[in-house]
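The next block holds one structure in the form of structure tokens; read it before the comments.
The values are calculated or read from the model by the stated rules, or taken from the named source; none is laboratory data. All figures in this text were calculated on a predicted structure; none of them were measured in a lab. With ligands, DNA and RNA removed, areas are computed over all heavy atoms of the protein, side chains included. Shrake-Rupley method; radii C 1.70, N 1.55, O 1.52, S 1.80 Å.
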Amino acid sequence: MDAQNNHVGLDVDVAKELADVLKVKLTLVPVPTNQDRINFLLSGKIDVAISNFTANLERSKAITSLTRT
């Protein structure tokens, strides 16, 4: 967040570009922790997680379950 409380940074820039390309409205949802990113995806609170976090077997299994529903 910048001094005016606006979302800023590479993740925000990527999200804006993706929304422009897809021609969809962008809503940025702050997600507190790595595990919350996966929980938010699984619960439908967010459609896409654009952030840096390390891939591991547990996360892979959780995210893979999304594609099988």
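So here's what we get for this one:
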quantity	calculated
Probe 1.4 Å, protein heavy atoms only - accessible area per residue of the chain in square angstrom	79 Å²
Distant-in-sequence amide H partners of Leu26 (H built 1.01 Å from N, under 5 Å)	none
Inverse of mean 1/r across different Cα pairs in the chain, Kirkwood, Å	13.4 Å
Rounded percent of accessible protein surface that carbon and sulfur make up, the chain, 1.4 Å probe	54 percent
Phi-based couplings in Hz for the range 52-57 (Karplus 6.51, -1.76, 1.60; Gly and Pro marked x)	8, 7, 6, 6, 8, 4
Taking the chain and dividing mean pair separation by its residue count, relative contact order in percent (alpha carbons under 8 Å, at least six apart)	24 percent
